[in-house]
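Worksheet: one structure, shown below.
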Amino acid sequence: MAAEASPQHVSAVREFNRFYTARLGLLRRRHLDGEFSLTEARILYETGACPQITASALCATLGLDPGYISRLLSALTRRKLIRQLASRADAREKLLTLTAAGAASLARINAQSDTHVQRILSDLGTADRDNLVDALARVRGILGPQEIRIVRLMSASSEALEILQEYYEAVHVVQRDDPATLQSLLDEPASAMWLAYIGDQIAGCVVLRKLPAIGNAGECKRLYVRPAARGRHIATLLLDALEEHARNHQLDWIYLDTYDDLKPAITLYKRRGYERCERYNDNPQATLFLRKKLPRSPRTVNPETNQ
């Protein structure tokens, strides 16, 4: 773990923060003295850049409270700048797109932003502009979050076995998979395992196992995020991959078991639509059984290809 920052480091960052928020005009009541707040303008930008983005994805991208985002989206929708359509994959999610008026507003914001930055750069020589761009890239590289990747495994790698062992120890699992059992699972087209990476480091995992005793059903197993990586919605991304794979392989239900002490996990499952059901397996540690009905995917996939 890195050493705690010195007071001098903290003071320097805060001083620069005060400087650039004023220099870029970020303290104004309205962004670029226009009709939108900075946050509203950013929502329009993200929606225009990623059509059909969801509110939850906006929250993750901008690091804002879901309630705050919801209120702003409602206001922009009433102003007929954003259109919200129900997701076919998850009825609780809304897919966001710009209306024609919203696209026109975004075009004006982008033009105003370009003009504003052009004024700032016009006072600098070419060498200083190049140095500024290089410095901004270095700052972003230092402060920016590393990319999170969700990767489906095709073989029982040592990395997979290592994080599974860590999971077993963390939650005191009795029924454990050996390498041969894991490989057998990976060879089943409707079953799969995913690893989450932050940069090149493994941050979490999840397993989907087809349930032979229940028609068109699979089981979510081994959902785990390493402590240092928590708070970055990695469990959500892993479950997104698992449920999409299940839909593509025509599974109608996802079952899972857990126990009462794993309250954060239970909260996540219930938020995603998992509901209590009867015991469906002989796991001696499980005290709670949940399942979720999946909407059928209109797409089909070749089971031999990676998703």
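For the reader, a short list of remarks on this structure follows.
- Pair list, Cβ < 8 Å and 6+ apart or interchain, from the range 73-84 residues that are without any contact (Cβ under 8 Å) to a residue 24 or more places away in the chain and closer than 15 Å to residue 97 by Cβ to residues that are crowded, with 16+ Cβ neighbours inside 10 Å and among the hydrophobic types (A, V, I, L, M, F, W, C): 83/96; 83/98; 84/73; 84/95; 84/96
- Hey, residue 193 part of a loop (DSSP other than H, G, I, E, B), under 24 Å from the mean Cα position of the chain (by Cα) and surrounded by 11 or more Cβ atoms within 10 Å (Cβ to Cβ) or not: no
- Positions within the range 196-225 being under 23 Å from residue 291 (Cα atoms), β-branched (Val, Ile, Thr) and assigned to a strand (DSSP E or B), in sequence order: 206, 207, 225
- Residue 222 satisfies every condition listed in (1) surrounded by 16 or more Cβ atoms within 10 Å (Cβ to Cβ); (2) on the phi < 0 side of the Ramachandran plot except (2).
- For residue 81: the one exception among (1) within 26 Å of residue 235 (Cβ to Cβ); (2) in contact with a Gly (Cβ under 7 Å, 6 or more places away or on another chain): (1)
- Matching entry among 185, 121 (being part of a helix (DSSP H, G or I), touching a helix residue (DSSP H, G or I) at 6+ places or on another chain (Cβ under 6 Å) and at negative phi): 121
- Residue in the range 117-129 that is β-branched (Val, Ile, Thr), touching a residue at least 12 places away in the same chain (Cβ under 8 Å) and farther than 30 Å from residue 205 by Cβ present: yes
- Counting only helices (runs of 4 or more DSSP H) wholly contained in the range 8-117, the ones carrying 3 or more residues that are among the hydroxyl-bearing types (Ser, Thr, Tyr) and either under 30 Å from residue 247 (Cα atoms) or not assigned by TED's automatic domain parsing to the domain that holds residue 273 (or both) occupy 38-49, 66-78.
- Filtering the range 135-151 for residues that are over 30 Å from residue 246 (Cα atoms) and more than 26 Å from the chain's Cα centre (by Cα) leaves a non-empty set.
- Leading residue by the ranking (farthest from residue 191 (Cα to Cα)) among those in the range 124-148 that are touching a helix residue (DSSP H, G or I) at 6+ places or on another chain (Cβ under 9 Å) and not in a helix (DSSP H, G or I): 124
The values are calculated or read from the model by the stated rules, or taken from the named source; none is laboratory data. Bear in mind that the values here come from a model prediction, so they are computed numbers and not experimental data. Reconstructed Cβ throughout: ideal geometry from the backbone, glycine too, with neighbour counts over all protein chains shown.
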